[in-house]
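First the structure, which I've put down as structure tokens, then a few questions once you've had a look.
The values are calculated or read from the model by the stated rules, or taken from the named source; none is laboratory data. Everything numeric in this text was worked out from a predicted model, so none of it was measured. Here the Cβ positions follow ideal geometry from the backbone for every residue, glycine too, while neighbour counts run over all protein chains shown. For accessibility, only protein heavy atoms count, side chains too; no ligands or nucleic acids. Shrake-Rupley method; radii C 1.70, N 1.55, O 1.52, S 1.80 Å.
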Amino acid sequence: MAFNACVALSLTNSQLFLVSSMRVCSGFRSSVACNLRCRRLKGDAVSIGSRFRNFGVARAKGQKIEDHSLLDDSMDNTDDEQVGDVRPMVPERDFTGTAYVPVYVMLPLSVIDMNCELVDPEDLLNQLRVLKSANVDGVMIDCWWGIVEAHAPQVYNWSGYRRLFQMVRDLKLKLQVVMSFHECGGNVGDDVHIPLPQWVTEIGETNPDIYFTDREERRNTECLTWGIDKERVLKRRTAVEVYFDYMRSFRVEFDEFFQDGIISEIEIGLGPCGELRYPSYPAKHDWTYPGIGEFQCYDKYLMKSLSKAAEVRGHSFWGRGPENAGSYNSAPHEIGFFRDGGDYDSYYGRFFLNWYSQVLIDHGDRVLALANLAFEGTGISAKLSGIHWWYKTASHAAELTAGFYNSSNRDGYAPIAAMLRKHEVALNFTCFEMRTVDQYEGFPEALADPEGLVWQVLNAAWDACIPLASENALPCYDREGYNKILENAKPLHNPDGRHLSVFTYLRLSPVLMERHNFQEFERFVKRMHGMVVLHFSPSESVTFSFGSNSFPFLFFFWIFSCLGYLV
């Protein structure tokens, strides 16, 4: 039988993939389909291309999921469209057959309101269905302490979260849940304000030392100082006891979701932005990038701890913070403590930085020990921030003020990884999408090196034999950023086959749901899952010519027949 017809194909990246070992299977979902139409094209060519319409999840209230153009059964094509020119492809690594790395998506910060009610559930359900169509593994949600235990100690309201969890379960998605013991608002990406519980802030009005404090005695209300971890100043409870009671209430309330495996992981908030670090660079105190930040140890509880450590060392006069550490927006070379050969590397400087970083590790140790009691049998993670600016200086000043004692002559992440290993906790790290060359172009004076920092933390985690998870630090929609994440997630030629345990995308938004952005994201998910994808961009077309000496057209006809399409 002769095949003289030509076939024009209009496919998105999500519509076609081939499995390994020369097998072909149908990976199409009902939510995304393609048009196949026969046309006579000059040169009897078969064109594979993509066409797009404007798309946005923002829509009229009441619009159903079927109305979303991402989930249409056909693409727009016109009879007069021409075969596009072939554009050179950007070389990229093939991740076909690599390890399956689950991909989760953070939900918007405003998905639960201050009354613990689910905001616009119909719209959220539509968006979750779109995410499900892209084969994401699940979503991440913050369970805010300031919402759930807002008005009185040990009076918890989980109602909005229960409704959300049921919605996620119905869609057969998984949940990563963050125990968020910090304030939301004032940081990069924050579009809502969720304070600490009202009863806690009332205590803070009479005892402001429950908050982290800088040298000028400015209080930071983002989270509670670790100085009260063992101090009964919260209505006769310590801070650690408060955190444990909250976690235990959550575990009991949502037992069915744990039993069903819907809740796959609990991330424990350990500081500002949920990260294990000091709030050393708060925007509310006029910090701007790439300032070194300030030490946050001047509340009376941490100062008491420092004085005791100095006495034990035998140098009581060391029971003070550095006097020449600059201000939030200083540069290291300007400051006596952080400059090359500065006081950070003196006997006193090493003593202070050891104490300061150990307080951070001890806080994580205490809270994670209780988290393991509350969530026995469930995976637990802790998040570290990627403080990459001033990484190429000797002192690593921005990391030091944040509590990471990672100067050029000391590994500051190995002790943290060892602590996490003790509790069998995964390390969640940020800034996986960042490239060092981009930092040089934007802020060359910052001497930043996100790639070097990521590599160091990768090795610290894997040397400690703990799972390593990650998320992007800033919004990411472009292929270049996704490729960087993939390279870090699945390092090339790793002799031990190491890879990320999970990746969480920051975050679900109308911008992500724009058609071209979502198609890039969907392609990224496939590659994280180790599936085959087409290696050209959505706006590019690839042309195959079928002459007398070309690859037999019958083979292509068989491929598309296997995929369920009739040509």
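Tell me which of these THR401 doesn't satisfy, since it passes every other one: (1) over 17 Å from PHE181 (Cβ atoms); (2) open to solvent by less than 50 Å² (accessible area, probe 1.4 Å); (3) polar (S, T, N, Q); (4) not in a helix (DSSP H, G or I).
(4)
For ASN324, only one of the following conditions fails: (1) among the polar types (S, T, N, Q); (2) under 30 Å from ILE266 (Cβ atoms); (3) surrounded by fewer than 22 Cβ atoms within 10 Å (Cβ to Cβ). What is its number?
With (1) among the polar types (S, T, N, Q); (2) under 30 Å from ILE266 (Cβ atoms); (3) surrounded by fewer than 22 Cβ atoms within 10 Å (Cβ to Cβ) applied to ASN324, the lone miss is (2).
What number goes with the only condition from (1) closer than 25 Å to VAL454 by Cβ; (2) surrounded by 14 or more Cβ atoms within 10 Å (Cβ to Cβ) that THR288 does not pass?
For THR288, the failing item is (2).
Further question on the same structure: Output the residues belonging to region 251-281 that are touching a strand residue (DSSP E or B) at 6+ places or on another chain (Cβ under 7 Å) and among the hydrophobic types (A, V, I, L, M, F, W, C).
PHE254, PHE257, ILE262, ILE263, ILE266, ILE268, LEU270, LEU276
Right, another one. Listed residues GLU424, GLU441, GLU445, GLU376; which is under 26 Å from GLY349 (Cα atoms) and open to solvent by 50 Å² or more (accessible area, probe 1.4 Å)?
Numbers: GLU424 fails: under 26 Å from GLY349 (Cα atoms); GLU441 fails: under 26 Å from GLY349 (Cα atoms); GLU376 fails: under 26 Å from GLY349 (Cα atoms).
The conditions single out GLU445.
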